[in-house]
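Q: Have a look at this one.
The values are calculated or read from the model by the stated rules, or taken from the named source; none is laboratory data. No experiment lies behind these values; they were computed from the predicted model shown. Here the Cβ is made from the backbone with ideal geometry for all residues, glycine too, and neighbour counts use every protein chain on show.
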Amino acid sequence: MTKKIYEELQENCECARICGDYAEIVPDSLPDCALFLKDNGYDYLDMITASDHIDEFILTYTFKNLKDKDDVMLRASVSRENPEIPSLSNIWIGADFQERELYDLMGIIFTGHNNLKRIVLWDGFEGHPQRKDYKNVA
Amino acid sequence: MEINPQMIPSLDDADAYEGNIVEDLRRSSLEPLPEKVILSEEELKELNRNIIVTTLDDAINWAHKASLWPVTCFTACCTFEFIATSMARFDIARFGMEVLRPSPRQADLLMAAGTLSWKMAPQIKRIYEQMAEPKWVVAMGACAISGGIFQDSYAVVPGYNHIIPVDVYIPGCPPRPETLLYGLEQLRNKIGHESIRLENK
Amino acid sequence: MSLRTEEFVVNVGPQHPSTHGVFRMRFTLDGEIVKDVEPIFGYLHRGVEKLMEMRTYKQGIPMTDRLDYVSAINNNWPYVLAVEELAGISVPQRAEFMRVIMSEMQRISSHILAVGSQMNDMGSFYTVFMYMFREREKLTDLMEMVTGQRMMYNYMRFGGVSMDFPAEFVPQLKKFIKVFPKYMAEYEDMLYDNEIFLARTKGVGCFKPEDAINISTSGPVLRSTGVDYDLRRDKPYSVYDKFEFDVPVGKNGDVYDRVWVRMEEMKQSVRIIEQALDMMPGGNRFCSKVPVALHIPEGFTYKEIESPRGMLGCYLESDGSDKPYRCHFRAPAFINLTALKTMLVGQKLADAIIIFGSVDLSMGEVDR
Amino acid sequence: MDDAVLVTTIGATPWYENFWVHLAIGAVVAIAFFFFFIVMYIWTERRVIGLFQGRLGPNRVGPLGLIQSVADVIKVMFKEDIVPDKSDKLLFWLAPFMAFVPVMMILAVVPFSENFQIVNLNVGILYVLAVSAISSIGVFMSGYAGNNKYGLIGGMRGLAQFISYEIPLILSLASLVLISNTFSVNGLVQAQTLPNILMMPLAFVVYFVASLAEISRTPFDIVECDSEIVAGFNIEYSSMKFAMLYLVEYGEAVVTSVLVATLFLGGWHGFFIDGPIPLIIKMVLVFLFILWIRATLPRLRVDQSMGFCWKFLLPVALVNLLFTAARMTFFPDLSNWIVIPASFVFTAIVIYLFAGLFKPGRKVAEND
């Protein structure tokens, strides 16, 4: 039983496929998918996270509809060579710190983010510790 | 870690400046610092033959013991065990310690409570250097002694003694208030043995 | 001629009496008015998520205790729920109620700390804090009676809890529940009848509901602005759908409302504990059988609970081995701090410290 | 030393009636009185605040912890004296003296008993006001000299508060002088057949609140409030200089409680015996009242404290002066039985009226 919101999502923006309770989308179509969700009541960005699958990074976004108590999950996969994905921080201010943390720990570059720099580690730190191939130098 | 004036950064590259300090502190402090010198029994006896110094020692040590003012510089979970110790039930005000001086200039005990990350290490070193001279450090909790449960993390200093000389180690994660009071009692015994003649040895 | 005054930058640095841990804010002050605030994190970053990947599932539980060290039991819950869903472990009914009771007790003690330290920031020299701490010590004793630890309980396991309630725990808890509302009335006298407290909190740091939703804040900070959303009622996990309790919602989103919401939530927690104690089935099945070397099939899940600071979520990915492939925690306080800029700019320095205190963060969860 | 006031002419007088000998003995007694009570006040504060907070104060050092503050002073003396290199050396060194010495000088005018007073100035009140203003300069100097941003903010706040609270102080003393038409402090005490607090309750309220702000005690301790500006003006001071600044706070408490006891509670007038004993008892009672306020109330914001002074205390002090002047001109020899209830009713009316006028910080509509 895929939710009604996923069907509407599929017509409006060309996302890859709907499976189970989440939607796989193309990274570049993330902003307009997010805007579409925001107009249909899913106006609460809950969580952004990423996981390192050796040849690609899988980013997971969850949104909530506070009125009808329903939430939606979007997933996008980004290649390891150029981990680029458009930033949501100009639509939701809440995404600002979470994207900076993913840039800091995972090395994913969010295009359009106004001050994308390390948030949790100090500036001289080389490498992104959350990646699978990170060797602990100290 | 002296701060030469012309290197004070402008506002935008302050983070890079702080990053360099953290990096070279991280490379320079890989082994723990040597322990502070305390008198063994026979050294104490040899010292006691000189009456004038011992009575003065005892008076000063008594004053140091009676009023240890901790500086409020708490990092992590052990903070709340120290706060619980300073509350009504396990009251450290009985030992005259409840005057929590916020500024390091007026305090003489650095309660190193909690995990120390590399980004916080230069700040702790600066606070320790800002404190006025007869100062002591208590490493409270497993993270403060040896990095504890986070020892193999890339961002955690394996113990405060890599950065600042530590006087008393209180084990526990977090140590119970009774353990903390016992540890502070040991610190007071240690202060009792110190002598003004060996101050800068 | 207008006096040329320049702004100066002050570090409300990692070591400051009222930053509740090692949190640093770079204030740009014009006299006493805050012109710009830039929060700087990372002074307590311990790389918990990386360490979780190096440990087996069961070794990960004590790591979650140290995340939000003020309400340690609530941190275990999302991690345990995620693993149970991926591994398909069922939880006996008695264990569910024990989890609810312990986490509601932890919510009361966490809110006590939040409101108490709020009064400290206003300068009442620990008096209100000490009266409230008296109750927290009783709660800590009750927790210690069950788990043996004062702060880092390590109490929840996959499929239930680690130990059963000792015989004399339930009567002691009932006695505490009966007496606690009297103490709550005492706190309310100390807070709401205090003219200076009202003067310093009413209308300070107002926060609009649209901002709250846009900045994805959660917990008392969100509810104080008027948005009525609480995971325990709107997306019930565990056995929360069996209790009836109401969710306090503020009106103006100022510091007074946040304190009021926390005080009301304490009363609701007392109600939940009472109902949970009555409905708790007897018997001694507090944990279902789980193999020690737990291998979880491939998959991912995202589970959320309502911690005292907001929506604490755990995103868990497993790859069939006995170690989590990726474990990310949605820290409510970390995201609530994005609201600092909208709340603090334009306020006075004295108010900025109180508004920052009312966001009630605990650094272990913010920096992870 | 018969009942003649102690102004003796230099000349063929025996050594014990020589002016300089009196001054020397008086100075020694005053300084001893001053330091003894400072040490005792530090101990009393820590014990009594412990009592308010349901805990024991310091009791390990000597019987009941009596010599705790002696240990504090000795320890502080043996600390390393740090002078920040970019600070203003001269001011940094001078500031503690500028803050500490004037507080001691006020005691020169206080009559300890009928005929024991160090200097019987006939302009005692003016002398007190003039000298107490100097210590506020010392506080600002220490804030500025330390080259620390927090110290500067603390110093600025202190200066603003001291200056603005000086005016209600003077006006309340002016109404006092109107009744007993003498400026000398001893004359004021002799004129108090009935303690002035009964004759002029409004003047007592204004004077007490204004002097609370002068010595920056809660709820006006915005000068050295450690929750916002880390340690206020004395942030850069360490050993002996810090001891002086620390003792300034308690010295001012001693002096204020002596002045309140002398001017309003009838100085050395006692029920059975006249002399220092009733003065000391009244002094300690006033200090306990200050401690009670310190243990319960949080602190006001800077602008609220200023607003409170200019919008509430000043008008009340002016109205009180007007009322006293009118009473003295139209019915100067009214019996006490009418004056005392009348002035109490007048106080209640004025405070009720003006309280409505000034609501600190209540801009938002009441929400519950």
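Q: If a residue must be under 28 Å from B:Arg94 (Cβ atoms) and within 11 Å of another protein chain (Cβ to nearest Cβ), how many such residues does region B:136-180 contain?
A: Qualifying residue count, region B:136-180: 11.
Q: Then there is this: Working carefully through the options B:Ala107, B:Ala113, find the one that is touching a strand residue (DSSP E or B) at 6+ places or on another chain (Cβ under 9 Å), closer than 24 Å to C:Lys138 by Cα and more than 8 Å from chain D (Cβ to nearest Cβ).
A: On the way: B:Ala107 fails: closer than 24 Å to C:Lys138 by Cα.
None of the other options fit; the residue is B:Ala113.
Q: Still on this structure: Taking the condition of being more than 10 Å from chain A (Cβ to nearest Cβ) and more than 18 Å from C:Arg107 (Cα to Cα), how many residues in region C:212-236 meet it?
A: Qualifying residue count, region C:212-236: 2.
Q: Going through C:Glu137, C:Glu84 one at a time, which residue ends up being of a type outside the set (A, V, I, L, M), within 14 Å of chain D (Cβ to nearest Cβ) and more than 17 Å from C:Asp164 (Cα to Cα)? Before the answer, list the steps.
A: Values: C:Glu84 fails: within 14 Å of chain D (Cβ to nearest Cβ).
From the options C:Glu137, C:Glu84, the qualifying one is C:Glu137.
Q: Quick one: how many residues across region B:54-74 are polar (S, T, N, Q), touching a Leu at 6+ places or on another chain (Cβ under 8 Å) and more than 10 Å from chain D (Cβ to nearest Cβ)?
A: From region B:54-74, those polar (S, T, N, Q) are B:54-55, B:61, B:67, B:72; that's our starting set.
Subsequent filtering for residues that are touching a Leu at 6+ places or on another chain (Cβ under 8 Å) retains B:54, B:72.
From what is left, the residues that are more than 10 Å from chain D (Cβ to nearest Cβ) are B:54.
Result for region B:54-74: 1.
Q: A follow-up question, please. Restricting the search to region A:47-70, which residues are surrounded by fewer than 17 Cβ atoms within 10 Å (Cβ to Cβ) and facing chain C (nearest Cβ under 8 Å)?
A: Of the residues in region A:47-70, the ones surrounded by fewer than 17 Cβ atoms within 10 Å (Cβ to Cβ) are A:53-56, A:65, A:67-70.
Correct list: A:Lys69 only.
Q: Could you please tell me which pairs satisfy a Cβ distance under 9 Å, a separation of 6+ or placement on different chains, a first residue in region C:251-265 that is in contact (Cβ under 8 Å) with a residue 12 or more places away in the chain and closer than 11 Å to C:Gln118 by Cβ, and a second residue that is among the small types (Gly, Ala, Ser) and surrounded by fewer than 20 Cβ atoms within 10 Å (Cβ to Cβ)?
A: As it stands, the answer is C:Val255/C:Gly203; C:Tyr256/C:Gly203, since those pairs meet every condition given.
Q: Looking only at residues in region D:222-235 that are closer than 14 Å to D:Ser136 by Cβ and outside any helix (DSSP H, G or I), which one is farthest from the other protein chains (Cβ to nearest Cβ)?
A: D:Val223
Q: Restricting to region B:116-128, name every residue that is within 15 Å of the chain's Cα centre (by Cα) and either within 8 Å of chain C (Cβ to nearest Cβ) or among the basic types (Lys, Arg) (or both). Can you show your working first?
A: Step one: of region B:116-128, the residues within 15 Å of the chain's Cα centre (by Cα) are B:116, B:120-128.
Within region B:116-128, B:Met120, B:Gln123, B:Lys125, B:Arg126, B:Ile127 meet the criteria.
Q: So C:Tyr153 fits all but one of (1) surrounded by fewer than 20 Cβ atoms within 10 Å (Cβ to Cβ); (2) under 17 Å from the mean Cα position of the chain (by Cα); (3) of a type in the set (Phe, Trp, Tyr); what number is the exception?
A: Result: C:Tyr153 passes all but (1).
Q: For region D:278-302: of the residues being in a helix (DSSP H, G or I) and facing another protein chain (nearest Cβ under 7 Å), which is farthest from C:Gly116 (Cα to Cα)? Don't jump to the end; show me each part of the working.
A: Looking only at region D:278-302, we keep the residues that are in a helix (DSSP H, G or I), and these are D:278-296, D:302.
With facing another protein chain (nearest Cβ under 7 Å) added as a condition, the list becomes D:294-296, D:302.
Numbers: D:Arg294: 17, D:Ala295: 14, D:Thr296: 13, D:Val302: 22 Å.
My answer is D:Val302.
Q: Every residue in region B:31-55 that is of a type in the set (A, V, I, L, M) and at pLDDT 80 or above, please. Let's see the steps before the verdict.
A: Step one: list which residues in region B:31-55 are of a type in the set (A, V, I, L, M), which gives B:33, B:37-39, B:44, B:47, B:51-53.
Within region B:31-55, just B:Leu33 meets the criteria.
Q: Among the residues of region D:307-322, write down those that are surrounded by 15 or more Cβ atoms within 10 Å (Cβ to Cβ) and either within 11 Å of chain C (Cβ to nearest Cβ) or without any contact (Cβ under 8 Å) to a residue 24 or more places away in the chain (or both).
A: Across region D:307-322, the qualifying residues are D:Gly307, D:Phe308.
Q: Determine which member of the set B:Thr79, B:Thr115 is assigned to a loop (DSSP other than H, G, I, E, B) and surrounded by 22 or more Cβ atoms within 10 Å (Cβ to Cβ). I'd like the intermediate steps shown before the answer.
A: Numbers: B:Thr79 fails: assigned to a loop (DSSP other than H, G, I, E, B).
So the residue among B:Thr79, B:Thr115 that is assigned to a loop (DSSP other than H, G, I, E, B) and surrounded by 22 or more Cβ atoms within 10 Å (Cβ to Cβ) is B:Thr115.
Q: Also, quick follow-up: Is there a residue in region D:63-72 that is surrounded by fewer than 21 Cβ atoms within 10 Å (Cβ to Cβ), over 26 Å from the mean Cα position of the chain (by Cα) and assigned to a loop (DSSP other than H, G, I, E, B)?
A: No - not one qualifying residue is present in region D:63-72.
Q: Would you check if D:Leu245 is within 13 Å of chain C (Cβ to nearest Cβ), under 19 Å from the mean Cα position of the chain (by Cα), assigned to a helix (DSSP H, G or I) and closer than 25 Å to B:Ser103 by Cα? Spell out how you get there, then give the answer.
A: Values: within 13 Å of chain C (Cβ to nearest Cβ): no; under 19 Å from the mean Cα position of the chain (by Cα): yes; assigned to a helix (DSSP H, G or I): yes; closer than 25 Å to B:Ser103 by Cα: yes.
In short, no.
Q: Report, by residue number, each residue of region B:85-100 that is at the interface with another protein chain (Cβ under 7 Å from one of its Cβ atoms) and not aromatic (Phe, Trp, Tyr). Reasoning before the result, please.
A: To start, the set of residues in region B:85-100 that are at the interface with another protein chain (Cβ under 7 Å from one of its Cβ atoms) comprises B:87-89, B:91, B:93-96.
Of everything in region B:85-100, those that are at the interface with another protein chain (Cβ under 7 Å from one of its Cβ atoms) and not aromatic (Phe, Trp, Tyr) turn out to be B:Met87, B:Ala88, B:Arg89, B:Asp91, B:Ala93, B:Arg94, B:Gly96.
Q: Is at least one residue of region C:64-81 more than 19 Å from the chain's Cα centre (by Cα) and either more than 30 Å from B:Asp15 (Cβ to Cβ) or in a helix (DSSP H, G or I) (or both)? I'd like the intermediate steps shown before the answer.
A: Let us first name the residues in region C:64-81 that are more than 19 Å from the chain's Cα centre (by Cα), namely none.
Within region C:64-81, none of the residues are more than 19 Å from the chain's Cα centre (by Cα) and either more than 30 Å from B:Asp15 (Cβ to Cβ) or in a helix (DSSP H, G or I) (or both).
Q: While we're on this one: Identify all residues within region D:329-339 that are loosely packed, with under 15 Cβ neighbours inside 10 Å and assigned to a helix (DSSP H, G or I); write none if there are none.
A: Here is the first cut: in region D:329-339, the residues loosely packed, with under 15 Cβ neighbours inside 10 Å are D:329-338.
Listed by number, the residues that qualify are D:Thr329, D:Phe330, D:Asn336, D:Trp337, D:Ile338.
Q: Just to check your reading of the model, which residue among D:Ser216, D:Ser172, D:Ser211 is under 20 Å from the mean Cα position of the chain (by Cα), closer than 30 Å to C:Gly31 by Cα, of a type in the set (Gly, Ala, Ser) and not in a loop (DSSP other than H, G, I, E, B)?
A: Values: D:Ser216 fails: not in a loop (DSSP other than H, G, I, E, B); D:Ser172 fails: closer than 30 Å to C:Gly31 by Cα.
Answer to the check: D:Ser211.
Q: Follow-up question, since we're still on this one. Please return the ranges of helices (runs of 4 or more DSSP H) entirely within region C:220-279 where 1 or more residues are surrounded by fewer than 22 Cβ atoms within 10 Å (Cβ to Cβ) and either within 19 Å of the chain's Cα centre (by Cα) or modelled with pLDDT under 90 (or both).
A: Working: elements: C:220-223, C:231-234, C:255-279.
Here the list reads C:231-234, C:255-279.
Q: Another question, then. Somewhere in region C:142-154, is a residue touching a Phe, Trp or Tyr at 6+ places or on another chain (Cβ under 9 Å), among the small types (Gly, Ala, Ser) and either more than 14 Å from chain D (Cβ to nearest Cβ) or in a loop (DSSP other than H, G, I, E, B) (or both)?
A: Within region C:142-154 (the criterion being touching a Phe, Trp or Tyr at 6+ places or on another chain (Cβ under 9 Å), among the small types (Gly, Ala, Ser) and either more than 14 Å from chain D (Cβ to nearest Cβ) or in a loop (DSSP other than H, G, I, E, B) (or both)), the answer is no, since none of the residues qualifies.
Q: Out of the residues in region D:73-90 meeting the condition of being exposed (fewer than 15 other Cβ atoms within 10 Å of the Cβ) and in a helix (DSSP H, G or I), tell me which one is farthest from the other protein chains (Cβ to nearest Cβ).
A: Only one residue tops the list, namely D:Leu90.
Q: Could you please find all residues in region D:249-277 being within 29 Å of D:Gly151 (Cβ to Cβ) and away from every other protein chain (no Cβ under 14 Å)? Let's see the steps before the verdict.
A: Residues of region D:249-277 that are within 29 Å of D:Gly151 (Cβ to Cβ), as a first pass: D:249-257, D:259.
Selection gives D:Gly251, D:Glu252, D:Ala253, D:Val254, D:Val255, D:Thr256, D:Ser257, D:Leu259.
Q: Output the number of residues of region A:71-129 satisfying the condition of being part of a loop (DSSP other than H, G, I, E, B), of a type in the set (Asp, Glu) and within 7 Å of another protein chain (Cβ to nearest Cβ).
A: Initial filter on region A:71-129 (part of a loop (DSSP other than H, G, I, E, B)): A:80-83, A:87-94, A:107-108, A:112-129.
From what's left, of a type in the set (Asp, Glu): A:81, A:123, A:126.
Within this subset, residues satisfying the condition of being within 7 Å of another protein chain (Cβ to nearest Cβ) are A:123.
Residues flagged as part of a loop (DSSP other than H, G, I, E, B), of a type in the set (Asp, Glu) and within 7 Å of another protein chain (Cβ to nearest Cβ) within region A:71-129 amount to 1.
Q: Which of the residues belonging to region D:268-277 are surrounded by fewer than 19 Cβ atoms within 10 Å (Cβ to Cβ), hydrophobic (A, V, I, L, M, F, W, C) and part of a loop (DSSP other than H, G, I, E, B)?
A: Passing the criteria: D:Phe271, D:Phe272, D:Ile273.
Q: When B:Ala88 is evaluated against the numbered criteria (1) surrounded by 15 or more Cβ atoms within 10 Å (Cβ to Cβ); (2) at pLDDT below 85, which criterion, by number, is the only one it fails?
A: The failed condition is (2).
Q: A further question follows. Among the residues of region C:155-199 satisfying the criterion of being farther than 30 Å from C:Val91 by Cα and hydroxyl-bearing (Ser, Thr, Tyr), which is nearest to the other protein chains (Cβ to nearest Cβ)? Let's see the steps before the verdict.
A: The initial filter retains those residues of region C:155-199 that are farther than 30 Å from C:Val91 by Cα, namely C:179-199.
Keeping just the survivors that are hydroxyl-bearing (Ser, Thr, Tyr) gives C:183, C:187, C:192.
Details: C:Tyr183: 13, C:Tyr187: 14, C:Tyr192: 9 Å.
Restricting to residues being farther than 30 Å from C:Val91 by Cα and hydroxyl-bearing (Ser, Thr, Tyr), the top hit is C:Tyr192.
Q: Okay, moving on. For residues that are more than 10 Å from chain A (Cβ to nearest Cβ) and farther than 25 Å from C:Ser269 by Cβ, tally how many sit in region C:317-339. Before you say what the answer is, go through the steps one by one.
A: Going through region C:317-339, the residues more than 10 Å from chain A (Cβ to nearest Cβ) turn out to be C:318, C:320-324, C:332-333.
Now narrow it down to the ones that are farther than 25 Å from C:Ser269 by Cβ: C:318, C:320-324.
Summing the residues that are more than 10 Å from chain A (Cβ to nearest Cβ) and farther than 25 Å from C:Ser269 by Cβ in region C:317-339 gives 6.
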